[in-house]
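The values are calculated or read from the model by the stated rules, or taken from the named source; none is laboratory data. Quick caveat, the model's predicted, so the values are computed rather than measured. Ideal geometry is used to build each Cβ from the backbone, glycine not excepted, and the neighbour counts take in all protein chains shown.
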Amino acid sequence: MTAIGAVEDLPAKALRDMIGDFGESITSTLIKGGKITPDRAVLYNSGLVHYLDFNDSYFAKGETGHSSNSIGSTLVVR
């Protein structure tokens, strides 16, 4: 998974620092450990999922988004 490969890169570290600045409510798991609110977990996990694939696009006839767009939100569901 590209998310694991992205964890140690500077943008991922900056994103993790930023979401931590918003408070300490702990309810959802982050990739590679830690917990935070679901909305911030989706932001962080989705950022990692798409970071190493260079936010490529996926457009097929009748489709509207990349096939992995839902992975970040799916990972935070209990």
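For segment 1-34, what are the residues that are farther than 19 Å from residue 68 by Cβ and surrounded by 14 or more Cβ atoms within 10 Å (Cβ to Cβ)?
If we filter segment 1-34 for residues that are farther than 19 Å from residue 68 by Cβ, which is where we start, we get 8, 10, 13-14, 16-27, 33-34.
Once the filter is applied, which keeps residues that are farther than 19 Å from residue 68 by Cβ and surrounded by 14 or more Cβ atoms within 10 Å (Cβ to Cβ), segment 1-34 yields 16, 19, 20, 34.
Quick grid of which residues meet (1) closer than 12 Å to residue 3 by Cα; (2) at pLDDT 80 or above; (3) over 11 Å from the mean Cα position of the chain (by Cα):
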site	(1), (2), (3)
22	no, no, yes
25	no, no, yes
37	no, yes, yes
45	yes, yes, no
49	yes, yes, no
56	no, no, yes
